[in-house]
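Everything below concerns the one structure shown next.
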Amino acid sequence: MEWLIMERWSPYVVGFGIGLLSWVTFLLSDKAIGCSTAFSRTSGMIERLFRGARTEAKPYYKKFAPSVDWEWMLVVGVFIGAFLSAELSGQFQGQWVPTKWAETFGNTPFTRWIVALIGGTIMGIGARWAGGCTSGHGISGTLQLAVSSWLAVICFFIGGVATAMLMYNVLS
Amino acid sequence: MLKTLHERQGMQLLFGLLMGIVFGFLLQKGGATQYDIIIGQLLLTDFTVVKIMLSAVVVGKIGVHLFRGLGMAQLHPKSGSIGSTVIGGLIFGVGFGILGYCPGTMVGAVGQGSLDALFGGIVGMLIGAGIFSEMYPKLERNILNKGYFGELTWPQLLKKNHWAVIIPVAIGIAALLFVIDRFAS
């Protein structure tokens, strides 16, 4: 069981594993792997705590009800699975500022937090706007040969590469 | 038999959790839950993320289409439009670049202890999803359906058998991975 405590597996082994996992999700659950709808549902659940029934009347939440479903549980599982993997390899560690960020922008947690918050907000709007994220479009949609997903993933990377290059090569 | 399994809701929630655990475990083992690796991909200095995604797509599409041919699985392609897919995709990309995690890898990053992913990424993404739900009625009327093309797949668009698309794309991806491995890392 040595491989369970390894820090890193080959990206091809991991990709192969995710590919096999997608067979299982289609066969046993009739579902494709995806992560971003769960955030809409959670956001709706939080909004409902403050606004009650008015939240459920919003057109968007009529489409994506603020409730726990298969994908929501999948996202909880991702957290647990990553924790298990990191814990087994001794990599679990509380960290505010990633190494590469610290090398370029310094190791102040506040700066990293604010930027991550802004990035997360924009990404949240974009994921729902495009109807999926790097899992739902990037892996599940492309493997189904969906035109929308190939187009989406190309746009994800155009936007992502341009933004990262701007931050690291121009602004820094 | 599979159909009755799909309808068992409690069981499906458990399946979702178990499949998520496998997914998160794989992402962490691959390094895809680390900011340094993801931002390295966007700066085109580390191709781990693309290698994971493309190999998953090749393996996934062969199996899923085989099972579909055997009547054991159904496809669920997402519908798309220029207004939603392209504009939304570019907005997503900007956020992805600023944050340095995508939604799934961000949750995995929290599992390995990344606090920026928890207090920045997750909180931000929930705010963003909330903002979108406010904007949705207006966006739907004015932008999201512009250039609508629906649940179109490449085989439908090209009027070809799906294997006539799957096999060349798989070969193309394999060639691309070979080139990346040879020259970019």
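Structure values in brief
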read-out: Close pairs from segment A:8-30: first within 16 Å of B:ALA174 (Cα to Cα), partner β-branched (Val, Ile, Thr), Cβ under 6 Å, at least 6 apart; value: A:PRO11/B:THR48; A:PRO11/B:ILE52; A:VAL14/B:ILE52; A:GLY15/B:ILE52; A:PHE16/B:VAL59; A:GLY19/B:VAL59
read-out: Selected residue [buried (at least 24 other Cβ atoms within 10 Å of the Cβ) and among the hydroxyl-bearing types (Ser, Thr, Tyr)] from A:SER172, A:SER89, A:SER148; value: A:SER148
read-out: Pairs, first within 19 Å of B:VAL64 (Cβ to Cβ) and in a strand (DSSP E or B) in segment B:144-163, second among the hydrophobic types (A, V, I, L, M, F, W, C) and at pLDDT 95 or above, C-beta under 7 Å, six or more apart; value: B:THR153/A:LEU145; B:THR153/A:ALA146; B:THR153/A:VAL147
read-out: Filtered residues of segment A:31-45 (kept if β-branched (Val, Ile, Thr), assigned to a helix (DSSP H, G or I) and at the interface with chain B (Cβ under 7 Å from one of its Cβ atoms)); value: A:THR42
read-out: The listed residue being farther than 26 Å from A:GLY17 by Cβ, in a helix (DSSP H, G or I) and not hydroxyl-bearing (Ser, Thr, Tyr), out of B:GLY97, B:GLY63; value: B:GLY97
read-out: Selected residue (only one of A:PHE110, A:PHE157, A:PHE83, A:PHE92 is assigned to a helix (DSSP H, G or I), closer than 20 Å to B:ILE122 by Cβ, in contact with a Gly (Cβ under 7 Å, 6 or more places away or on another chain) and of a type outside the set (Gly, Ala, Ser)); value: A:PHE83
read-out: Inter-residue pairs, beta-carbon under 7 Å, first within 7 Å of another protein chain (Cβ to nearest Cβ) and in segment A:59-71, second hydroxyl-bearing (Ser, Thr, Tyr), 6+ apart; value: A:PRO59/B:TYR136; A:TYR60/B:SER133; A:TYR60/B:TYR136; A:TYR61/A:THR55; A:TYR61/B:SER133; A:TRP70/A:SER29; A:GLU71/A:THR37
read-out: Subset of segment A:62-80 (residues that are over 15 Å from the mean Cα position of the chain (by Cα), assigned to a helix (DSSP H, G or I) and crowded, with 17+ Cβ neighbours inside 10 Å); value: A:TRP70
read-out: Qualifying residue in segment B:68-87 (condition: among the hydrophobic types (A, V, I, L, M, F, W, C), surrounded by fewer than 17 Cβ atoms within 10 Å (Cβ to Cβ), assigned to a helix (DSSP H, G or I) and more than 8 Å from chain A (Cβ to nearest Cβ)); value: yes
read-out: Extreme residue, surrounded by the fewest Cβ atoms within 10 Å (Cβ to Cβ), among residues of segment B:14-39 that are more than 7 Å from every other protein chain (Cβ to nearest Cβ) and in a helix (DSSP H, G or I); value: B:LEU14
read-out: Qualifying residue in segment A:9-30 (condition: surrounded by fewer than 20 Cβ atoms within 10 Å (Cβ to Cβ) and more than 7 Å from chain B (Cβ to nearest Cβ)); value: yes
read-out: Some residue of segment B:127-138 being at the interface with another protein chain (Cβ under 7 Å from one of its Cβ atoms) and part of a loop (DSSP other than H, G, I, E, B); value: no
read-out: Tally of residues being farther than 30 Å from B:HIS65 by Cα and either surrounded by 22 or more Cβ atoms within 10 Å (Cβ to Cβ) or without any contact (Cβ under 8 Å) to a residue 12 or more places away in the chain (or both) across segment A:31-55; value: 10
read-out: Matching residues in segment B:118-143 - criterion: being buried (at least 24 other Cβ atoms within 10 Å of the Cβ) and touching a residue at least 24 places away in the same chain (Cβ under 8 Å); value: B:GLY124, B:GLY128
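The values are calculated or read from the model by the stated rules, or taken from the named source; none is laboratory data. Here the structure is a predicted model, which means the values were calculated and not measured. Neighbour counts run over all protein chains shown; Cβ positions are idealised from the backbone, glycine included.
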